[in-house]
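Read through the structure below, which is laid out as structure tokens, and then see the notes.
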Amino acid sequence: MTRYGGNRAYSCANSMYMALRESGATAAELPEPGFIECLTTMPFGTLYLRVGRDLLVYFSSPLASPDQGITTALDVLGWECREERDGAPEAALARLAEAAGRGPVLAGPLDMGGLGYMPHHAQLSGSDHFVVVLGVENDRVRMHDPDGYPYAVLPTAEFLRAWKADRVRSAQVPYTMRTGFQQGRVAAAGLLERKARCFGEAQYAAVQERWEDTAGLLECIADLEDALIHALSPA
């Protein structure tokens, strides 16, 4: 059973958090959604759009889309996944159903204007959104929507229209989903914590003149330093 998390803004970060928690990430090693949002780089920058005679201002990166931001955040966290996108709607739905049977599916961008369980969804047309799909049940799709809608459902035809995202400016191709989340390398924060623990143990061992134990702990620290350099190196 996929645990729900959300009731707040930042749908891509909250959906990522849910998907990674259900894929084995512990709460202690996984940053909160607000920090994950920063890892996507989306909060940094200002985007100006002219629509007719109006100038719209978005406090968001003009250089990255939420979809690209998810890829960036996963890489920084040391996680990998399988990305699938494009294709015919029937094939995309079959892909989604098969993947959801194995584990959480991060789907999006979706067009919020097509999410009929949201009040006033029609006024949100063209806005991007992300959800965690739980399963395809006959003629409907069930999902955790972090905007405050756990176990939300949509008829498959309506979900496919939203998932096509043809009105979403940042959507490059339709029917994008991420599955099969797994940790590819240790995140840097965990390594630093393990180094700190070794230093703490080495302090006691050295004061007690237990030199063999001290040497072993210093070797462990050296190995962790090598692993830290690898974790912080570009992929």
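Of all the numbered requirements in (1) within 22 Å of Ala13 (Cα to Cα); (2) open to solvent by 10 Å² or more (accessible area, probe 1.4 Å); (3) under 21 Å from the mean Cα position of the chain (by Cα), Gly113 misses one, and that requirement is (3). Across segment 58-70, the qualifying residues are those that are surrounded by 16 or more Cβ atoms within 10 Å (Cβ to Cβ) and outside any loop (DSSP other than H, G, I, E, B), and the one among them that is modelled with the highest pLDDT is Ile70.
Across segment 40-49, the qualifying residues are those that are β-branched (Val, Ile, Thr) and within 17 Å of the chain's Cα centre (by Cα), and the one among them that is least open to solvent (accessible area, probe 1.4 Å) is Thr40. Residues considered: Ala94, Ala88. Of these, the only one that is at pLDDT 95 or above and either within 30 Å of Leu56 (Cβ to Cβ) or of a type outside the set (Val, Ile, Thr) (or both) is Ala94. Applying the set (1) buried (at least 16 other Cβ atoms within 10 Å of the Cβ); (2) within 29 Å of Leu39 (Cβ to Cβ) to Asp86 leaves exactly one unmet item: (1). Residues of segment 10-37 that are open to solvent by less than 40 Å² (accessible area, probe 1.4 Å) and of a type in the set (A, V, I, L, M, F, W, C): Cys12, Ala13, Met16, Met18, Ala19, Leu20, Ala25, Leu30, Ile36. Determine, yes or no, whether Gly52 is closer than 28 Å to Gly135 by Cβ and either buried (at least 18 other Cβ atoms within 10 Å of the Cβ) or not charged (D, E, K, R) (or both). When the stated conditions are applied, Gly52 does not pass them. Considering (1) in contact with a His (Cβ under 8 Å, 6 or more places away or on another chain); (2) without any contact (Cβ under 8 Å) to a residue 12 or more places away in the chain, the lone condition that Glu98 does not fulfil carries the number (1). Kindly evaluate Glu37 against the criterion of being under 16 Å from Trp79 (Cα atoms) and out of contact with any Phe, Trp or Tyr (no Cβ under 6 Å at 6 or more places or on another chain). No; evaluated as a whole, the condition is false for this residue. In the condition set (1) closer than 19 Å to Gly190 by Cα; (2) open to solvent by less than 20 Å² (accessible area, probe 1.4 Å); (3) without any contact (Cβ under 8 Å) to a residue 60 or more places away in the chain, Gly78 is compliant with all but (3). Every listed requirement among (1) of a type outside the set (Phe, Trp, Tyr); (2) open to solvent by 50 Å² or more (accessible area, probe 1.4 Å); (3) part of a loop (DSSP other than H, G, I, E, B) is met by Gly103 save one, (2).
Going residue by residue through segment 203-220, is there one that turns out to be more than 30 Å from Glu98 (Cα to Cα), surrounded by 16 or more Cβ atoms within 10 Å (Cβ to Cβ), in contact with a Lys or Arg (Cβ under 9 Å, 6 or more places away or on another chain) and at pLDDT below 95? Within segment 203-220 (the criterion being more than 30 Å from Glu98 (Cα to Cα), surrounded by 16 or more Cβ atoms within 10 Å (Cβ to Cβ), in contact with a Lys or Arg (Cβ under 9 Å, 6 or more places away or on another chain) and at pLDDT below 95), the answer is yes, since at least one residue qualifies. Does Glu84 satisfy the condition of being closer than 30 Å to Asn138 by Cβ and touching a residue at least 60 places away in the same chain (Cβ under 8 Å)? Yes; evaluated as a whole, the condition is true for this residue. One residue alone among Arg194, Arg140 is out of contact with any Pro (no Cβ under 7 Å at 6 or more places or on another chain) and of a type in the set (Lys, Arg), and that residue is Arg194.
The values are calculated or read from the model by the stated rules, or taken from the named source; none is laboratory data. A quick note: this is a predicted structure, and the numbers were derived from the prediction, not measured. Using ideal geometry, Cβ is built from the backbone for each residue, glycine included, and neighbour counts are taken over all protein chains shown. When the accessible area is computed, the model is the full protein with side chains, heavy atoms only, and any ligands, DNA or RNA have been set aside. Shrake-Rupley method; radii C 1.70, N 1.55, O 1.52, S 1.80 Å.
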